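Notes to accompany the following structure.
Laboratory data are not the source of any read-out in this text; all were calculated from the coordinates shown. Everything numeric here is computed off the predicted structure, so don't read it as measured data. Cβ placement follows ideal geometry from the backbone for every residue including glycine, while neighbour counts extend to all protein chains displayed.
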Amino acid sequence: MKIAIIGAGAMGCLYGAKLSESDRNQVLLVDVWEEHVKAINDHGLFMEEDGKLINYKKVRAVSKAEDVGPCDLAIVFVKSTMTGEAVRSNRSIFGAHTIVLTLQNGLGNVELIEAELGDKNIIAGTTAHGATMLGPGRIRHAGAGKTVIGELTGDITDRLVRLADMMSSVGLETEVSDNVMGLIWDKLLVNVGINALTAITGLHNGQLLDYPELEALLEAAVEEAHQVALAKGICLQYEDPVSHTKDVCKATAANKSSMLQDILNRKKTEIEMINGAVCREGRSLGITTPVNSVLTNLILYKQRYIKTD
C-alpha cells in the first residue's frame, strides 16, 4: 500500500514509522520543514520508545506532494487550523480511490476535507497515542493507546475492516466503530477539559487535579461541552465525561498536552477547533458556554503575545 502522511509532526512520524515496518507498505512523510525532511532521508527517523532508541530507515520524507503522486491511503495529521490548506496544497496525492483518514484533534476536520474532496473516501477516527517532537528526524512515543476508525455513514465496510487490520498488524491497535462522530466528541470533551488549562498554567495533565480551583474549571468546561453534545444528538460513549476526563488526566499525568507544547514552542494552537468549536456550536443552539469562551480568549491572547514578541 502506498501511504502518504500529510504533516510529519510527532504523531505523523509515529504512524509513519510504524506503518513503514510492513514490507507491503511504501510510506512517505509530507512536510514543509526542510531540515526535518533532510534528517529523515539522510539518517532515518529516530523514535524513543520504552526506553529504547529505534531507527526507522524505511520511511521517507518529501516536501512536495508532486514527488509523491496518487496514494492508496493519505493520513491527515496537520494541525486542525491547517487542514483545508494542507489538502488543497497536496491535491496531487489524492486520486479517485485514495482513502483519506483523519485522526486529528478537534471539530471541523471532516468538513474541511469534505469541502475539498467530497465525502466518499473519508474515514475518520481518534487515537489515544501520544508523541513528542524532539528535533529534526527525532520523536518520542510518549504513550500508547487504541486507534478507533469509522465510516462517516456508520457502516462497517470491507475497506474499513481491511484498514484496521493493516494498522493493527504493525502494532497500531485499531478497532472499527459505527459511531465515529460520537468518538470524536468523546475525545473533544477530554481536550476541552485539559488542553487550554494546561496551556494557560504550564502544568502537566495530572497536575490539574492537584488544585481545586483548576479542577472546578475543568469540570465546568467539560460539562458545557457535554450539554452542547447532548443538544446536537451526539451519542457519547461515556455517560460521565467529566469523570472520564479526570481519568485521562491521571492516566497521562506526566504528559504535556499538545496545546501546552504549542505555547512553549511559540506555535499557533488548535484552540478554535476545540474550546472555540464548543462555543460556536453552542451559539448555533442557543446554549451559553462562558467557561469555554474565557479559556478560548485567554489562549487567543497568549497566541497574540507570541506573535508580537
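Amide H of Q26 versus every other amide H placed in the peptide plane: which residues, excluding those fewer than 5 positions away on the same chain, fall under 5 Å?
K2, I3
Of V27, V291, V78, which has the largest mean-square fluctuation in a 10 Å C-alpha GNM of the chain?
V291
In the chain, which helices (entire DSSP H runs) extend 24 Å or more along their own long axis, judged by Cα positions, while averaging at least -1.0 on the Kyte-Doolittle scale?
Both cut-offs are met by 180-201, 212-231, 290-308.
Hey, got a sec? Which trypsin sites (Lys or Arg not before Pro) in region 72-108 land in a DSSP loop and have at most 11 other Cβ atoms within 10 Å? List each step's numbers first, then the result.
On the way: sites: K79, R88, R91; in loops: K79.
Sparse-neighbourhood loop trypsin sites (Lys or Arg not before Pro): none present.
Is there a quick way to get the dipole size of region 1-141? I mean about its Cα centre, with the Cβ of Lys and Arg at +1 and of Asp and Glu at -1; what is the value in debye to the nearest 20?
Magnitude of the dipole: close to 240 debye.
Please compute the contact order of region 181-308 in relative form: average sequence separation of alpha-carbon pairs under 8 Å and at least six residues apart, divided by the residue count, as a percent.
It rounds to 34 percent for region 181-308.
Using +1 at the Cβ of each Lys and Arg and -1 at the Cβ of each Asp and Glu in the chain, identify which of G44, G206, A254 lies farthest towards the dipole's positive end.
Checked the options; the winner is G44.
Please work out whether region 181-308 counts as rounded, prolate or oblate from its C-alpha gyration tensor, where a ≥ b ≥ c are the square roots of the eigenvalues and a/c under 1.5 means rounded, while otherwise a/b larger than b/c means prolate and anything else oblate?
oblate
Rounding to the nearest 20 debye, state how big the charge dipole of region 181-308 is about its Cα centre with +1 on each Lys and Arg Cβ and -1 on each Asp and Glu Cβ. Present the calculation step by step, with values, prior to reporting the outcome.
Values: 13 positive and 14 negative charges, 154 e Å.
Roughly 740 debye for region 181-308.
Hey, got a sec? Which trypsin sites (Lys or Arg not before Pro) in region 255-307 land in a DSSP loop and have at most 16 other Cβ atoms within 10 Å?
Hits after loop and neighbour filter: R266, K267, K268.
Mind running the shape call on region 57-141? Use the C-alpha gyration tensor, a ≥ b ≥ c as the square roots of the eigenvalues: rounded below 1.5 for a/c, prolate if a/b tops b/c, oblate otherwise.
Here region 57-141 falls in the oblate category.
Report the calculated FRET efficiency for R162 and L209 (r = Cβ-Cβ distance, R0 = 45 Å), to the nearest 0.05.
Between R162 and L209 the formula returns 0.65.
Answer with one residue from Y238, I184, V291: the one whose Cα lies farthest towards the positive end of the charge dipole of region 152-309, charges on Cβ with Lys, Arg +1 and Asp, Glu -1.
Farthest towards the positive pole: V291.
Quick one: if the Förster radius is 25 Å, what FRET efficiency do Y305 and V32 give, using the C-beta to C-beta distance and rounding to 0.05?
On the way: r = 25 Å, r/R0 = 0.98.
The value I calculate is 0.50.
So what are the ³J(HN,Hα) numbers for region 170-179, from phi and the Karplus equation (6.51, -1.76, 1.60; θ = phi - 60°), rounded to whole Hz, Gly and Pro as x?
Working through the residues one at a time gives 10, x, 9, 3, 10, 10, 9, 9, 9, 9 Hz.
Of K79/K267; K250/K302; K2/K146, which pairs sit farther than 20 Å apart, going by alpha carbon to alpha carbon?
K250/K302; K2/K146
If you take the charge dipole of the chain about its Cα centre, with +1 on Lys and Arg Cβ and -1 on Asp and Glu Cβ, which of L152, T83, A221 is farthest toward its positive end?
T83
What percent does the relative contact order of region 2-177 come to when contacts are Cα pairs within less than 8 Å and at least six residues apart? Write down the numbers at each step before the final one.
Values: 376 pairs, mean separation 38.1, N = 176.
Worked out over region 2-177, it gives 22 percent.
I need the shape label for region 83-193. Rule: rounded when a/c is under 1.5, else prolate if a/b > b/c, else oblate, with a, b, c from the alpha carbon gyration tensor.
Verdict is rounded for region 83-193.
For K38, which lysines qualify as cross-link partners when the Cα separation must be under 17 Å and same-chain residues fewer than eight apart are set aside?
Filter leaves K57, K58, K64.
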